[in-house]
Amino acid sequence: MSKILVVGNPSLDQIDNIYFGAGGPVSYISNILSSYGHNVTMFSSFGEDFPIESLNPKIHLIKNISKNTTKFILSYKNDLREFKIPTEATKLDLANLKKSIDKYDVVFFAPIFNEININQVNQLVNSNDKYFVGVPQGWIRRRDDKKILINFNRLKFLPKLEMIFFSEEEIKSSNLKINDLKNLANILVITRGHIGSTIFYQRQSFNFSSYHVKTIDTTGAGDIYAAVFAMTFFSTKELIYSANLASKIASESTKYWGMEGIFKKI
């Protein structure tokens, strides 16, 4: 199994006043990959209020001290997410990783709200021959008064990665076209909710259907898809197999609230 580093801050999520628990791409990615036997290290900042029991005990933690945990209040309206961020954890300093980066096979950048400096990402990517994967939703979020808006402007400073993942919802919230995103990575993946996903690779595009299940919560499904697809493709180089497996596992995760499905061995 692979040695994986996942960088980003976790969150405490409140979803439609129904679910309250741990979240954030770093949590979903670390948990699902650890549950499949990978050696996972998670570099994050969070406060004492974060439920550490929500993380697989096999995950190795490199933890920044933080007074607060990043908190999200999410609501769903017509399949679109609206959210507020009342508190934020401290930002991450990637300089702390320079001496240890060599021991990892794959590195995921999974910011939740601007806690990872893109200039430091450039330095790390340009000085290391690693398999770098981007789940960049935290870089495209901007605070506007009490609302959180989508803005892709910062991504033009991002170095080219092996893979990068976006949701169709995020792209629709901007005025970008797919061609604007293709140069960000060798493989561009667009997750499309219940429709499935589209993958752009070697000047071709591939469409994959989702698996139909009784969905109650889609939070984190895109992160699970990204984790499973990235690591399966890294190991097998089989695009179709990797996408279908990722679709199946991500779809299964939506049958549960939050990360419950991961601990039920989806």
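The values are calculated or read from the model by the stated rules, or taken from the named source; none is laboratory data. What you are looking at is a predicted structure, and each value in this text was computed from that prediction instead of being measured. Quick reminder, even Gly has a Cβ in these numbers, built from the backbone with ideal geometry, and neighbours come from all protein chains shown.
Observations on the model:
- The sole residue among Ser205, Ser247 that is out of contact with any Gly (no Cβ under 9 Å at 6 or more places or on another chain) and either surrounded by 14 or more Cβ atoms within 10 Å (Cβ to Cβ) or within 15 Å of Met163 (Cα to Cα) (or both) is Ser205.
- Residues within the stretch 133-144 that are of a type in the set (Val, Ile, Thr) and either in contact with a Cys (Cβ under 6 Å, 6 or more places away or on another chain) or surrounded by fewer than 20 Cβ atoms within 10 Å (Cβ to Cβ) (or both), tallied: 0
- Residue check for Asn117: among the polar types (S, T, N, Q) and without any contact (Cβ under 8 Å) to a residue 24 or more places away in the chain: no
- Note on the stretch 215-231: residues that are out of contact with any helix residue (DSSP H, G or I) (no Cβ under 7 Å at 6 or more places or on another chain) and farther than 24 Å from Glu82 by Cβ total 1.
- Lone unmet requirement of (1) modelled with pLDDT of 95 or more; (2) in contact with a Phe, Trp or Tyr (Cβ under 7 Å, 6 or more places away or on another chain) for Tyr19: (1)
- Residue satisfying all of: in the stretch 15-37; in contact with a Pro (Cβ under 8 Å, 6 or more places away or on another chain) and surrounded by fewer than 24 Cβ atoms within 10 Å (Cβ to Cβ); nearest to His60 (Cα to Cα) among these: Ala22
- Residues in the stretch 1-40 that are among the aliphatic types (A, V, I, L, M), farther than 22 Å from Phe132 by Cα and touching a Lys or Arg at 6+ places or on another chain (Cβ under 9 Å): Leu12 alone.
- For beta carbons closer than 6 Å, sequence separation of 6+ or different chains, a first residue in the stretch 211-228 that is touching a residue at least 24 places away in the same chain (Cβ under 8 Å) and a second that is aromatic (Phe, Trp, Tyr) and surrounded by fewer than 24 Cβ atoms within 10 Å (Cβ to Cβ), the qualifying pairs are Asp217/Trp257.
This table checks each residue for (1) modelled with pLDDT under 95; (2) of a type outside the set (Asp, Glu); (3) surrounded by 14 or more Cβ atoms within 10 Å (Cβ to Cβ).
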residue: Ile199; (1), (2), (3): no, yes, yes
residue: Tyr211; (1), (2), (3): yes, yes, yes
residue: Lys214; (1), (2), (3): yes, yes, no
residue: Asp217; (1), (2), (3): yes, no, yes
residue: Ala221; (1), (2), (3): yes, yes, yes
residue: Tyr241; (1), (2), (3): no, yes, no
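- When residues in the stretch 145-185 are screened for being in contact (Cβ under 8 Å) with a residue 24 or more places away in the chain, part of a loop (DSSP other than H, G, I, E, B) and either loosely packed, with under 11 Cβ neighbours inside 10 Å or among the aromatic types (Phe, Trp, Tyr) (or both), 2 of them pass.
- Identity of the residue in the stretch 77-132, small (Gly, Ala, Ser) and under 19 Å from Asn39 (Cα atoms), that ends up surrounded by the fewest Cβ atoms within 10 Å (Cβ to Cβ): Ser100
- For the stretch 120-143, the candidate set comprises residues that are within 23 Å of Ser2 (Cα to Cα) and touching a residue at least 40 places away in the same chain (Cβ under 8 Å); within that set, the residue that is farthest from the chain's Cα centre (by Cα) is Tyr131.
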